[in-house]
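Peer 1: My questions all concern the structure below.
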Amino acid sequence: MAATPNPTPRHYRVVVVGGGLAGLAAARLLHDHYHADADADADAHAHKAQVLLLEAAPTLGGRIQHVTGLAPWPVEIGPEFIHGTMNSSFKDIADQMGCEMRELPYPDRYYLGSERRMLSSDEVQEHEDIQRVHEYFQGIASEDPDAPDISMAEYLQRRGANDTITQLAESIYANDFGCSLKQLGVRECIQEAQNWIYGDTYLILDRPMSSVVDFIAKGLKVRLDWFVQHVEYGTHGVKLQSSDGRIVTADYVILAVPVSILQYGVPTFKPPLPKVKVEAIDSIGMNNCVKVLMAFSDRFWPEDMFDVVCTHCFLPEFWMTHYPTTFSHTDEQAALGKFVVVGFMTGEVAAAASKLPEAEVISKSLRQLDEIFGDLPKTVEDCEYSACCHGTKAISSFKELHLGPGKRHKVLTRDHLHIDVCGSAECARSRPASTWFQGGSVVNWEQESFVRGGYTYPSVNAHGARSILAAPLEKRVFFAGEATHPGVNPCMQAAIDTGRRAARQILSLEVLSRL
Ligand SMILES: Cc1cc2nc3c(=O)[nH]c(=O)nc-3n(C[C@H](O)[C@H](O)[C@H](O)COP(=O)(O)OP(=O)(O)OC[C@H]3O[C@@H](n4cnc5c(N)ncnc54)[C@H](O)[C@@H]3O)c2cc1C
């Protein structure tokens, strides 16, 4: 039911909408700038609480979220890796906080599902198709950025890529980009490759990503559960209305909501957004992203294994998380398992998986891990155990894990899945994943109402759209968020950079207006 609008809405200098990294970075920069100004000029103290951050969810962080209780450490359901060691604003903040980071190669291992074979590092070096895939994607930076746009599927086909190369490209690159090769646009890939200044390795933080969120948010004026439904803007300023009728006004607004929310038609605008902006919003692709979190009581993979990309498999990629962390662990006894494998699916693969019952998604994932790490027979015909395990039963109830204020997260334990393993040493050898499985959860990002997807991908026919989306309106409405990064970078550092960009645009305008 609509609440009565506040009669005299509070006016702010800047309202930031969206408490993900982009919005937080914008609010932080403006808050610090106005505070420094006010400290230098005692008369300006009136300006102190002039920045307000409005967030629809009950918590800050946006896509940064974790679950506790699955493992003895918080398991991230959103971003987990800092991409690259160089030029990263996210890493700079983590350094400032004194975080330790572990550097890992990507990709680490390759599993060829059609041959049921994990390749050794020597085999990877000698595997012509794998090397060709990397050459195609690394060489894209030198392609003509002004050539007519095509999909990466067509690009590879024109270069005579065989089936194995295409499959490898789907699992290694397209899945990581968040789409399929058919959706991946060459022109935005060129843009991305030319602007990637961060390096190729992955960094793992020694604490949950949310500690960075807390660090950035310290001292900011924030309103949670404030869903911005409508924005009115003009030369006079901005008026924002929440879904329950509350109103605030401001000189400027920074919209740092995911592009998927704008595509959904929220917030509404008066006057309506210009056609060119709407077209830009619609052309930037953002698919679903599904994470399958599986907790185990024992490790059944080599200790130095970190990440596996797989062809011809249910999960195109999975990784092992076991973080040596300075973060105080939750009680080991209370955690479902001591080891965690995370399956990662995006694009059409995620869309197909999200139509399946969660029990089936977990069963299929376990089956894949059993196939890779167990000594199951090579063919179904040879399989004397085929009637034995991986059936999926209807689920009667879920264990609920704490996710954050106001949120619960469903977890399927062994009792909810029909895992028929006898517990013998032989069975554990052939089906280690099924044997040691303790519980799992399927995280479907499309169902997160204020995000509605994973992250944006280099999209066919979207070249230039991100800069159009980023352009301010009437010098009053500013845009931030990973989708507005002109370098087609959907990572955490990009979100921070876009927030800071929008904040600086406002500060420059204020300087100009004083001249
Ligand atoms: C599963 C997954 C894995 C990822 N892995 C990585 C990784 O390993 N490394 C990496 O660098 N990046 C990764 N990313 C991408 C990274 O999470 C994003 O680029 C980044 O967090 C985006 O920040 P943002 O501020 O642009 O958007 P968000 O974090 O989505 O923030 C937007 C905020 O706006 C709020 N909002 C929406 N609508 C409204 C409204 N109408 N009113 C008020 N508030 C609203 C939302 O609740 C949200 O808090 C991953 C993302 C996902 C989903």
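The values are calculated or read from the model by the stated rules, or taken from the named source; none is laboratory data. Everything quoted here is computed from the prediction, not taken from an experiment. Positions of Cβ are backbone-derived with ideal geometry, glycine not excepted, and every protein chain shown enters the neighbour counts. In case anyone asks, the SASA skips ligands and DNA or RNA and just uses the protein heavy atoms, side chains included. Shrake-Rupley method; radii C 1.70, N 1.55, O 1.52, S 1.80 Å.
Peer 1: Counting only residues that are surrounded by 16 or more Cβ atoms within 10 Å (Cβ to Cβ), touching a residue at least 60 places away in the same chain (Cβ under 8 Å) and more than 26 Å from the chain's Cα centre (by Cα), give me the helices (runs of 4 or more DSSP H) lying completely in the range 89-192 with at least 1 of them.
Peer 2: Values: elements: 89-96, 121-126, 128-139, 152-158, 163-169.
Ranges flagged: 163-169.
Peer 1: Next question, about the same structure. Do you know which residues across the range 241-274 are within 14 Å of the ligand (Cβ to nearest atom) and of a type in the set (D, E, K, R)?
Peer 2: Asp244, Arg246
Peer 1: Kindly indicate which of Ala425, Ala471 is open to solvent by 10 Å² or more (accessible area, probe 1.4 Å), more than 28 Å from the chain's Cα centre (by Cα) and away from the ligand (no atom under 16 Å from the Cβ).
Peer 2: Ala425
Peer 1: Related question: Anything in the range 474-508 that is open to solvent by 10 Å² or more (accessible area, probe 1.4 Å), free of Cβ contacts under 8 Å to residues at least 40 places away in the same chain and assigned to a helix (DSSP H, G or I)? List them, or say none.
Peer 2: Arg501, Gln505, Ser508 - these are the residues of the range 474-508 that are open to solvent by 10 Å² or more (accessible area, probe 1.4 Å), free of Cβ contacts under 8 Å to residues at least 40 places away in the same chain and assigned to a helix (DSSP H, G or I).
Peer 1: Of the conditions (1) buried (at least 21 other Cβ atoms within 10 Å of the Cβ); (2) out of contact with any helix residue (DSSP H, G or I) (no Cβ under 9 Å at 6 or more places or on another chain); (3) not hydrophobic (A, V, I, L, M, F, W, C), Ser210 satisfies every one except a single condition; which number is it?
Peer 2: (1)
Peer 1: Here is a follow-up. The conditions are (1) touching a His at 6+ places or on another chain (Cβ under 9 Å); (2) of a type in the set (Ser, Thr, Tyr); (3) within 26 Å of Ala350 (Cα to Cα), and Thr166 fails exactly one of them. Which is it?
Peer 2: Of (1) touching a His at 6+ places or on another chain (Cβ under 9 Å); (2) of a type in the set (Ser, Thr, Tyr); (3) within 26 Å of Ala350 (Cα to Cα), only one is false for Thr166: (1).
Peer 1: What residue, among those in the range 361-376 that are in a helix (DSSP H, G or I) and charged (D, E, K, R), is least open to solvent (accessible area, probe 1.4 Å)? Spell out the reasoning first.
Peer 2: Keep residues of the range 361-376 that are in a helix (DSSP H, G or I), which gives 361-373.
Checking which are charged (D, E, K, R) leaves us with 364, 367, 370-371.
Working: Lys364: 83, Arg367: 92, Asp370: 0, Glu371: 61 Å².
Within the range 361-376, the match that is least open to solvent (accessible area, probe 1.4 Å) is Asp370.
Peer 1: Let me ask you something else. Just one of (1) in contact with a helix residue (DSSP H, G or I) (Cβ under 8 Å, 6 or more places away or on another chain); (2) under 30 Å from Val257 (Cα atoms); (3) at pLDDT 95 or above; (4) away from the ligand (no atom under 16 Å from the Cβ) trips up Ala94, so point out which.
Peer 2: For Ala94, the exception is condition (4).
Peer 1: Continuing with this model, one more query. Could you list all residues from the range 343-360 that are assigned to a helix (DSSP H, G or I) and of a type in the set (A, V, I, L, M)? Break it down stepwise before answering.
Peer 2: Step one: of the range 343-360, the residues assigned to a helix (DSSP H, G or I) are 347-353, 358-360.
Once the filter is applied, which keeps residues that are assigned to a helix (DSSP H, G or I) and of a type in the set (A, V, I, L, M), the range 343-360 yields Val349, Ala350, Ala351, Ala352, Ala353, Ala359.
Peer 1: Going through the range 61-88 one residue at a time, which ones are open to solvent by less than 20 Å² (accessible area, probe 1.4 Å) and within 11 Å of the ligand (Cβ to nearest atom)?
Peer 2: Gly61, Ile64, Glu76, Ile77, Gly78, Glu80, Phe81, Ile82, Gly84, Ser88
Peer 1: Further question: I'd like to check which strands (runs of 3 or more DSSP E) are fully inside the range 222-304 and have at least 1 residues that are surrounded by 20 or more Cβ atoms within 10 Å (Cβ to Cβ).
Peer 2: Of the strands (runs of 3 or more DSSP E) lying wholly inside the range 222-304, those with at least 1 residues that are surrounded by 20 or more Cβ atoms within 10 Å (Cβ to Cβ) span 228-234, 237-242, 247-255, 289-296.
Peer 1: Further question: Going by the structure shown, is Thr456 within 12 Å of the ligand (Cβ to nearest atom), open to solvent by less than 50 Å² (accessible area, probe 1.4 Å) and closer than 25 Å to Thr321 by Cα? If you could, list the steps in order and put the result at the bottom.
Peer 2: Details: within 12 Å of the ligand (Cβ to nearest atom): yes; open to solvent by less than 50 Å² (accessible area, probe 1.4 Å): yes; closer than 25 Å to Thr321 by Cα: yes.
In short, yes.
Peer 1: Could I ask something else about it? Going by what's in this entry, would Ile216 be described as within 30 Å of Val133 (Cβ to Cβ), in contact (Cβ under 8 Å) with a residue 40 or more places away in the chain and either of a type in the set (A, V, I, L, M) or within 10 Å of the ligand (Cβ to nearest atom) (or both)?
Peer 2: no
Residue by residue, here is whether (1) modelled with pLDDT under 95; (2) open to solvent by less than 70 Å² (accessible area, probe 1.4 Å); (3) over 25 Å from the mean Cα position of the chain (by Cα) holds:
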position: Lys378; (1), (2), (3): yes, no, yes
position: Lys393; (1), (2), (3): yes, no, yes
position: Lys407; (1), (2), (3): yes, yes, no
position: Lys410; (1), (2), (3): yes, no, no
position: His416; (1), (2), (3): yes, yes, yes
position: Val421; (1), (2), (3): yes, yes, yes
position: Trp436; (1), (2), (3): yes, no, yes
position: Val460; (1), (2), (3): no, yes, no
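Peer 1: Can you tell me which residues in the range 484-497 are within 7 Å of the ligand (Cβ to nearest atom) and over 16 Å from Cys189 (Cβ atoms)? Let's see the steps before the verdict.
Peer 2: Step one: list which residues in the range 484-497 are within 7 Å of the ligand (Cβ to nearest atom), which gives 490-495.
Met492, Gln493, Ala495, listed by residue number.
Peer 1: Given the conditions (1) under 15 Å from Gly285 (Cβ atoms); (2) open to solvent by 20 Å² or more (accessible area, probe 1.4 Å); (3) within 16 Å of the ligand (Cβ to nearest atom), report the number of the one that Asn444 does not fulfil.
Peer 2: The one condition Asn444 does not meet is (1).
Peer 1: Also, quick follow-up: Looking at the range 221-239, is at least one residue of a type in the set (Gly, Ala, Ser), in contact (Cβ under 8 Å) with a residue 12 or more places away in the chain, more than 9 Å from the ligand (Cβ to nearest atom) and within 24 Å of Leu21 (Cβ to Cβ)?
Peer 2: No, the range 221-239 contains no residue that is of a type in the set (Gly, Ala, Ser), in contact (Cβ under 8 Å) with a residue 12 or more places away in the chain, more than 9 Å from the ligand (Cβ to nearest atom) and within 24 Å of Leu21 (Cβ to Cβ).
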